[in-house]
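Worksheet for the structure shown next.
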Amino acid sequence: MASVGSAIGLGNFWKFPYLTFKHGGWFFILAYACALFVCGLPMLILELTLGQKMQRGSAGALRGITPRLAGAGWAASISGFFVCMVYNVLIALSLIYMVTGGAQPWSEANYVRSDGCKTARMMETSSAELYFYLDTVKLFDSEACAQFQYGDQTVFSWGLYLAVLITWLIIFLCIMFGTKSASYVVMVTVPLPFICLFALMGFFVNFGKEEGNKGAAYYLGGEDYPIGTLPNGDVQYYDPTIYRGEIIQDAFLSVMYSVGLGVGVFFAYGSYNHIKKPVIMDSVIIVSLDFLFSILAGFVGWGAIGYLKLKGNSAAN
């Protein structure tokens, strides 16, 4: 369950739907499935097997092959730590929006633009985006509506700072007793995304009935996605063929990022297995659930976009 939880994350419900938009739906899904079989599954088997055989983490497992590889193991663990630092900031942003989201302070009715944000340059910026830059991360000056210079110490986002501290505290409480505490945590954190995902799917399936399942058609490439109107009045559609040459590269990068390969985590998980435990079936289950979650997340994301597009909401663009 911990391995499945490591594989399923932002790469599934954030990056995967975007890449299906970029590459025309099922074209990318097919490329992703091939990359998962060619690269993702063998690499996962390799990492779990080495961790299980050496009974060590990434540095110790690679050092067991030859001492010169220990540095590669440390580099993997350090890069994984950097990824965690970035993820924790994103989780902190989610905590902020969990607190403020109910009141929707960024809505047009509640958000009053400052004079600096009423210029022609900034009027095209949505209120939600302004709220993020001005009030959440404090990147823009609330009066001048211009980005602060690097190193400017006149402003600090205390709300975000506090949210990051809370995030790190929660992580510490989850792992403070090692596998004893983490094993109980994953019993909640791993099934919960699937429960929420199925709930959202049921929610947007009802919306899909109203708009003829436009979201699913956009997602699978069965219908072109409108992005605007040309000066002559014709509808302008997004053309995914302009990025078709990058599809293989994006598929392999997405597999590495989504499954969580190369950051040392599966060496550590494999080290807790019995030394003779078969790991091939475990690896197949992990990558299969990762792929299934990505597909389902795509339907949820595009179901929401299809509904917003039907209602003429600018957020769908």
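The values are calculated or read from the model by the stated rules, or taken from the named source; none is laboratory data. Just so it is clear, the model here is predicted, and its values are computed rather than measured. Cβ sites come from the backbone with ideal geometry, for glycine too, and all protein chains shown count toward neighbours.
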Only unsatisfied item for TYR237, checking (1) under 13 Å from PHE21 (Cβ atoms); (2) surrounded by 20 or more Cβ atoms within 10 Å (Cβ to Cβ); (3) not acidic (Asp, Glu), is (2)
Quick check: anything in region 256-272 modelled with pLDDT of 90 or more, loosely packed, with under 14 Cβ neighbours inside 10 Å and at negative phi? no
Selection from region 230-249 of residues touching a Phe, Trp or Tyr at 6+ places or on another chain (Cβ under 8 Å) and not aliphatic (A, V, I, L, M) yields TYR237, TYR238, PRO240, ARG244
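Is at least one residue of region 37-54 part of a helix (DSSP H, G or I), of a type in the set (A, V, I, L, M, F, W, C) and surrounded by fewer than 14 Cβ atoms within 10 Å (Cβ to Cβ)?
The first filter runs over region 37-54 and keeps only residues part of a helix (DSSP H, G or I), leaving 37-54.
Now restrict to residues that are of a type in the set (A, V, I, L, M, F, W, C): 37-39, 41, 43-46, 48, 50, 54.
Then keep just the ones that are surrounded by fewer than 14 Cβ atoms within 10 Å (Cβ to Cβ); that gives 37-38.
Checked region 37-54: at least one residue is part of a helix (DSSP H, G or I), of a type in the set (A, V, I, L, M, F, W, C) and surrounded by fewer than 14 Cβ atoms within 10 Å (Cβ to Cβ).
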TYR32: assigned to a helix (DSSP H, G or I), in contact (Cβ under 8 Å) with a residue 60 or more places away in the chain and crowded, with 16+ Cβ neighbours inside 10 Å, yes or no? yes
If we keep only residues of region 120-144 that are within 17 Å of GLY101 (Cβ to Cβ) and surrounded by fewer than 17 Cβ atoms within 10 Å (Cβ to Cβ), then the residue modelled with the lowest pLDDT is SER126
Check region 13-30 and report whether any residue there is within 19 Å of VAL186 (Cβ to Cβ) and aromatic (Phe, Trp, Tyr).
yes
Subset of region 65-87, residues crowded, with 17+ Cβ neighbours inside 10 Å and more than 21 Å from ALA7 (Cα to Cα), comes to ALA70
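Those residues that are over 22 Å from the mean Cα position of the chain (by Cα), hydrophobic (A, V, I, L, M, F, W, C) and assigned to a helix (DSSP H, G or I), I need them from region 149-168; list them, please. Write out each step before concluding.
Pass one, region 149-168, residues over 22 Å from the mean Cα position of the chain (by Cα): 149-159, 162.
This time we only want the ones that are hydrophobic (A, V, I, L, M, F, W, C), so: 155-156, 158, 162.
Selection gives TRP158, LEU162.
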Within region 247-290, residues touching a residue at least 24 places away in the same chain (Cβ under 8 Å) and of a type in the set (D, E, K, R) come out as ASP250, LYS277, ASP282, ASP290
